[in-house]
Amino acid sequence: MLDQTTLDRLWDFENPELSERRFRDAMDDQDYDVYERAELATQLGRAIGLQGRFEEADGLLDSIDGEEEPTVGIRILIERGRILNSSGQAAMAVPLFEQAAELGDHLGEEFLAVDALHMLAIADSAHAEPWTRSALEYASTAHEPRTKRWMVALHNNLGRTLHGAGRLTEALVEFQLAEQWAERVGTPAQQQYAREAIEECEQALAAH
């Protein structure tokens, strides 16, 4: 199956239209086998969904065979859950993310298991903190460097949750942890975003 870094190179989350074109082109590349093209198709569905074309994205996911290759099946669950969440049906997305997290853990798909847990914190916002802490615990023991990078986003997300709840001191700790992980395994953009979050939280604490 495809390494996550291969998919990272195709993704531009700021430009889902460009990402869609890249994934369509990649799916025409015969260097990828049938299972890899199916995995690419799940990301094409995500790119389409990010443009608000939910029915089209859902139909594409329906056309992908996820029975023979478990990794593809997990990705279908996650992307279908994302579509439901983005289209205002978060409650229906929750069991899909739960199933994806369980399967990802069972199959040793660390990155996907953490992705599913991170999405549970978004879709099941009433339990965002425990879901994010579960994702952090899982990511902290991951063997894959790319999965470790989740620590940046997860600490930031938890910081945002705590900040929104008025728990500013706890939030600042999470933002500082996000910065530490960003320096270790993150991108320059993540490092900058972490510093900005710390500054914002420190200003809120001073005002408070």
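Taking the criterion of being of a type in the set (G, A, S), outside any helix (DSSP H, G or I), in the same structural domain as L120 (by TED's automatic domain parsing) and more than 18 Å from A116 (Cβ to Cβ), would at least one residue in segment 53-72 satisfy it?
yes
Looking at segment 33-41, is at least one residue crowded, with 21+ Cβ neighbours inside 10 Å and of a type in the set (V, I, T)?
For segment 33-41, residues crowded, with 21+ Cβ neighbours inside 10 Å and of a type in the set (V, I, T): absent.
Against the conditions (1) within 30 Å of H208 (Cβ to Cβ); (2) assigned to a helix (DSSP H, G or I); (3) of a type outside the set (A, V, I, L, M), where does G166 fall short? Just the number, please.
(2)
Does R46 satisfy being touching a Lys or Arg at 6+ places or on another chain (Cβ under 9 Å), surrounded by 14 or more Cβ atoms within 10 Å (Cβ to Cβ) and of a type outside the set (S, T, Y)?
Criteria met by R46.
Considering segment 71-108 alone, what residues qualify as being of a type in the set (D, E, K, R) and farther than 22 Å from L50 by Cβ?
E98, E102, D105
Name the one entry in R22, R9 that is surrounded by 17 or more Cβ atoms within 10 Å (Cβ to Cβ) and of a type in the set (K, R).
Checking each option against the conditions leaves just R22.
How many of the residues making up segment 172-208 are under 14 Å from L158 (Cβ atoms) and either of a type in the set (S, T, Y) or outside the structural domain of R160 (by TED's automatic domain parsing) (or both)?
Of the residues in segment 172-208, 0 are under 14 Å from L158 (Cβ atoms) and either of a type in the set (S, T, Y) or outside the structural domain of R160 (by TED's automatic domain parsing) (or both).
Of the residues that make up segment 93-101, is at least one under 23 Å from Q191 (Cβ atoms), surrounded by fewer than 24 Cβ atoms within 10 Å (Cβ to Cβ) and either in contact with a strand residue (DSSP E or B) (Cβ under 6 Å, 6 or more places away or on another chain) or charged (D, E, K, R) (or both)?
No - not one qualifying residue is present in segment 93-101.
Evaluate segment 135-143: report whether one residue or more is in contact with a helix residue (DSSP H, G or I) (Cβ under 6 Å, 6 or more places away or on another chain) and either assigned by TED's automatic domain parsing to the domain that holds L112 or not in a helix (DSSP H, G or I) (or both).
Yes, that holds for at least one residue.
Tell me, please, whether a residue that is touching a residue at least 12 places away in the same chain (Cβ under 8 Å), assigned to a helix (DSSP H, G or I) and farther than 28 Å from E36 by Cβ can be found in segment 96-115.
No, every residue in segment 96-115 fails to be touching a residue at least 12 places away in the same chain (Cβ under 8 Å), assigned to a helix (DSSP H, G or I) and farther than 28 Å from E36 by Cβ.
Given (1) in contact (Cβ under 8 Å) with a residue 24 or more places away in the chain; (2) part of a helix (DSSP H, G or I); (3) under 19 Å from A38 (Cα atoms), where does N85 come up short, assuming only one miss?
(3)
The values are calculated or read from the model by the stated rules, or taken from the named source; none is laboratory data. All figures in this text were calculated on a predicted structure; none of them were measured in a lab. So basically every Cβ, Gly included, is an ideal-geometry build from the backbone, and we count neighbours across all protein chains shown.
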